[in-house]
Amino acid sequence: MLNPRTLISALGLTLMLTGRAVSAAPLNFCYEDVAQKPWTMPDNSGLNITLLKQVEKLLGEQFSFSAKPWKRCQEETRQGVVDGFFAAAINNERLQYSVFPTHSDGSPDKTAALYEDRFGVYLRKGGNGAWDGKKIDSPQFPILVQRGYHVANLLRDQGLSVNETIKSADDGLRFLVSNLADVAILQGEQARILALHDPRFVDMVITSPIPYQVLPLYLAVGRKRYDENPKRIEAIWAAIRQVRESPEYKAQLNAAAAR
């Protein structure tokens, strides 16, 4: 466990700076209720939860976590039902109702991300889909994307048709092998493991070695909550950065990768 005094010194934080987080109302953060090993699991486990719990202890904060459908997490943040959501990529729609860590010039602060994840491309063997690392094509079917994911916006910006009816990587791969799609863009290591090793998919799906995107994913905080106490939220983002760089967390990260 990190020494709280060391962290506070390194970040230049004080109880006054954080708005006396100890006495502040707990923050309720939402995350997707689909497993994204090793980062989040619906039972409030995973490396993101581990990291945020370390932040919680180090700053004297109080967090609660709720696993919900991803689009619901975003909508409840917009409405102020929850205080924020993670792990979220930045896009213009989300910036209308939530705040992400940024540098002084307004550019995203990737060092305060929870982690980076890859969005892999999966093709149906014998289908009409194609991906060469630059251009993606699916002339017969819309491209499958998990519901509410930022990658759908990226595809639409290219003029491509998108199908967001799937919720999980398993759903997407089943659509491919059922001849209901030619291309799926699916997040995370779990999708890659399923495509390469699950007997339902291994002989029917092509896993591209080139991801469609690798994106930093953040804890996003609702604008109303951020505006109430910006210093408190900035302190949390700073602590995320510090914990990610700590030997203790890096050891946990390496242990998860070895499983």
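What follows draws every value from the coordinates through simple rules; no lab data is involved. In this text the structure is predicted, and so the values were computed from the model without any measurement. Glycine also receives a Cβ, built like all others from the backbone with ideal geometry; neighbour counts cover every protein chain displayed.
Tally Lys/Arg at +1 and Asp/Glu at -1 over every other residue whose Cβ is under 15 Å from the Cβ of VAL202; what's the total?
Overall, the nearby charge balance is +2.
Which one of ASN128, PHE141, ILE240 is farthest out on the positive end of the charge dipole of the chain, using unit charges on Cβ (Lys, Arg +1; Asp, Glu -1) and the Cα centre as origin?
Highest projection toward the positive end goes to ILE240.
What does the C-alpha gyration tensor say about the overall shape of segment 140-259? Classify as rounded when a/c is under 1.5, otherwise prolate if a/b is larger than b/c, or oblate.
Since a/c reaches 1.5 but b/c is at least a/b, the shape of segment 140-259 is classed as oblate.
So how far apart, in nm, are the two label points at ASP227 and LYS135 if each is 7 Å from Cα heading toward Cβ?
Taking the two extended label points, one gets 4.6 nm.
In segment 189-259, which GluC sites (Glu not before Pro) fall in coil by DSSP and have 12 or fewer other Cβ atoms within 10 Å?
The qualifying sites are GLU245.
About the Cα centre of segment 118-214, what is the dipole size in debye to 20, counting +1 per Lys and Arg Cβ and -1 per Asp and Glu Cβ, all else neutral?
40
For LEU95 and ILE210 in one chain, what is 0.36 nm times their gap in residues minus the Cα-Cα distance, to one decimal in nm?
38.6 nm
Based on alpha-carbon atoms only, what is the radius of gyration of the chain relative to the globular estimate 2.2 N^0.38 Å?
1.06
So what is the relative contact order of the chain, in percent, for Cα pairs below 8 Å that sit 6 or more residues apart?
27
Can you give the local net charge around GLU76? Use residues other than it whose beta-carbon is closer than 10 angstrom to its beta-carbon, Lys and Arg +1, Asp and Glu -1.
Summing Lys and Arg as +1 and Asp and Glu as -1 gives +2.
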